[in-house]
1. Go over the candidates A522, A504, A516, A509 one by one and state the one that is over 20 Å from the mean Cα position of the chain (by Cα) and open to solvent by 60 Å² or more (accessible area, probe 1.4 Å).
2. Looking only at residues that are surrounded by fewer than 24 Cβ atoms within 10 Å (Cβ to Cβ) and of a type in the set (A, V, I, L, M) in region 174-188, which one is nearest to E362 (Cα to Cα)?
3. If I filter region 365-384 for residues that are at pLDDT 75 or above, open to solvent by 10 Å² or more (accessible area, probe 1.4 Å) and part of a loop (DSSP other than H, G, I, E, B), do I get at least one hit?
4. Which residue pairs have Cβ atoms under 6 Å apart, sit 6 or more places apart or on different chains, and have a first residue in region 390-409 that is within 12 Å of L321 (Cβ to Cβ) and among the hydroxyl-bearing types (S, T, Y) and a second that is in a helix (DSSP H, G or I) and open to solvent by less than 60 Å² (accessible area, probe 1.4 Å)?
5. Has region 297-306 got any residue that is part of a helix (DSSP H, G or I), in contact with a His (Cβ under 8 Å, 6 or more places away or on another chain) and modelled with pLDDT under 90?
6. Among the residues of region 23-45 satisfying the criterion of being open to solvent by less than 60 Å² (accessible area, probe 1.4 Å), assigned to a helix (DSSP H, G or I) and more than 13 Å from Q273 (Cβ to Cβ), which is modelled with the highest pLDDT?
7. Would a scan of region 451-468 turn up a residue that is open to solvent by 10 Å² or more (accessible area, probe 1.4 Å), among the hydroxyl-bearing types (S, T, Y), over 30 Å from K180 (Cβ atoms) and at pLDDT 80 or above?
8. Given the options G403, G484, G442, name the one that is modelled with pLDDT under 85, under 24 Å from V364 (Cβ atoms), among the small types (G, A, S) and not in a helix (DSSP H, G or I).
Amino acid sequence: MSMNVDKVEASPAPAHLEDAALQEAETNDVKGDNNLAIHEMTPEEKAEALATAYMSDPGVDYRSRRGIQLICCLLACLVCGTDSGFDSGGGVSAFFLNFVLPDKLGRRKAMGICNTILIMGLLLTGLAKNSAMFLLVSVSLLSLASNTDTSQQGRYFMGLGAVAASAAARSYIVELAPAKHRGFFLGSYNVVQTMGSILCSGSAIGFGHMADNWAWRGLLLLGLYGPIINISCLYFIPESPRWLYARGRTDEALAVITKYHSRHNDPQSPLVQLEIQEIAEEMRTMGSAERWWDAKVLFATRANRYRMGLAAMIGFWGQLLGPATTYFTVLLTAAGITDTERQRVLNFINSRSRNGELFLSEQVTIFGTASAAVGMLIIGGLLSRQHEKNYANAGVAFIYLYGIFTQVAWVPVNNLYPAEIMTFDIRAKALAFQAVCTQTAGLINTFGVPPALVALNWKLYFIFAAWDVLGVAVQFFFMVETKGIPLEQMEDIFTDHSPRHKAAAIIRAKDEKLKAEKRARATAA
């Protein structure tokens, strides 16, 4: 069924968002038998309307000037992925920055402030008088004490800035990228993380030959390139259109969407009009984005509680699938590989094995968790005979395979999925909540796993295998598929009594609509 999409004019202030969402004007080129405003459509009808809009306007051409500009805007934020290695010190404290800055000041200013904090932390640590920071895994509290040195304070600011900048960048990317390519661009965030990991582990081989403190200082200062690039580009990129619309700057929001989402740069395009109407409808039904201090909204409704449960699931299982990559050097030592130079080379190879992270779906995530469970069983069995060289080498080989399967499945989920399932009013706050869950799991990794490895050795892998089996069950029954679904339809999905089945129905309706349109064109030809 073909749906009409009404044109809307930009309203001058937030008080008129409801009028903008409900306004009906002359219909556009998408013809049909029914005249339905966006708020009257079912989720399936919205999916059909989107598919029809794409037939009329397939979206910006990435080979055009506007397409290249869009890619540059997103690349300027993707470089925040290189910050991910500096998230141990003040990562938990980043909750407060994530909670306030993106909604209060906007996504761009939030990235600028947080990356400035990260740069300050890198300089404090890299230029410190000693290397005490490497003796501390987390100094979130110690860095606030009066007797801490500059390296400890720097470690705190590194974690604080890196985690907060990452959350703001992910919100920006998911809100600016076109719906049908959103998964690719935010999945690319993970490729940038991998590139940063490769650069870091590869440089460590060279810096490791230095006899003085610059062996670690140089490696730290190398991390300055990501935040510096981001800050340098912020002046030239637009603000998130959804943030602009929520602040009453609807003309600017319409201009951004038209420029970066429409093939013909036409504000009256069916695609642009549909997106604007869906944003207006989302703003009309929520209205809490301006109350940036309100934390109750995260758990105020059944839909939001469901979302927070998924965010917690991603935060904990994403960090606690197993110790095989987190403590790679420790595992190499346990396997009898003690030569420092060889450990550096193997760690570099391990960082390269975590590539290809552009796949994201519910099925892939479940497969990745199941692979982690199987991997834990195999690695534990092999390392139980680690004193035999052949078994130890086989255990290291399976660590690589484990890394490939779990990273391909889980790294994109950590960055993309929580940002996708949230509505605009809670996105920044929800990502802050997810960051707390992730950092809490990181503390377990930091303080719990190392002594457990010493005490239990290979037996710990079987404990993680049982944990991963539980994860498969939780994800199978509760995880909601989001691939190809616009952000504005997430509320329709999560307010349904069965979000998983509603999402599947929307995806089926969209696919069937596209197939029908293709068959019609083929018949006409």
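1. On the way: A504 fails: open to solvent by 60 Å² or more (accessible area, probe 1.4 Å); A516 fails: open to solvent by 60 Å² or more (accessible area, probe 1.4 Å); A509 fails: open to solvent by 60 Å² or more (accessible area, probe 1.4 Å).
On inspection, the qualifying residue turns out to be A522.
2. A179
3. Within region 365-384 (the criterion being at pLDDT 75 or above, open to solvent by 10 Å² or more (accessible area, probe 1.4 Å) and part of a loop (DSSP other than H, G, I, E, B)), the answer is yes, since at least one residue qualifies.
4. Y402/G375; T406/G368; T406/A372
5. Going through region 297-306, the residues part of a helix (DSSP H, G or I) turn out to be 297-299, 302-306.
Subset that is in contact with a His (Cβ under 8 Å, 6 or more places away or on another chain): none.
Looking through region 297-306, none of the residues is part of a helix (DSSP H, G or I), in contact with a His (Cβ under 8 Å, 6 or more places away or on another chain) and modelled with pLDDT under 90.
6. By that ranking, first place goes to E45.
7. No, that holds for no residue.
8. Details: G403 fails: not in a helix (DSSP H, G or I); G442 fails: not in a helix (DSSP H, G or I).
The match here is G484.
The values are calculated or read from the model by the stated rules, or taken from the named source; none is laboratory data. Predicted, not measured: the structure shown is a model, and the values here were computed from it. A quick note on method: Cβ atoms are made from the backbone with ideal geometry, for glycine too, and the neighbour counts reach across all protein chains shown. These area figures cover heavy atoms from the full protein model, side chains too; ligands, DNA and RNA do not enter into them. Shrake-Rupley method; radii C 1.70, N 1.55, O 1.52, S 1.80 Å.
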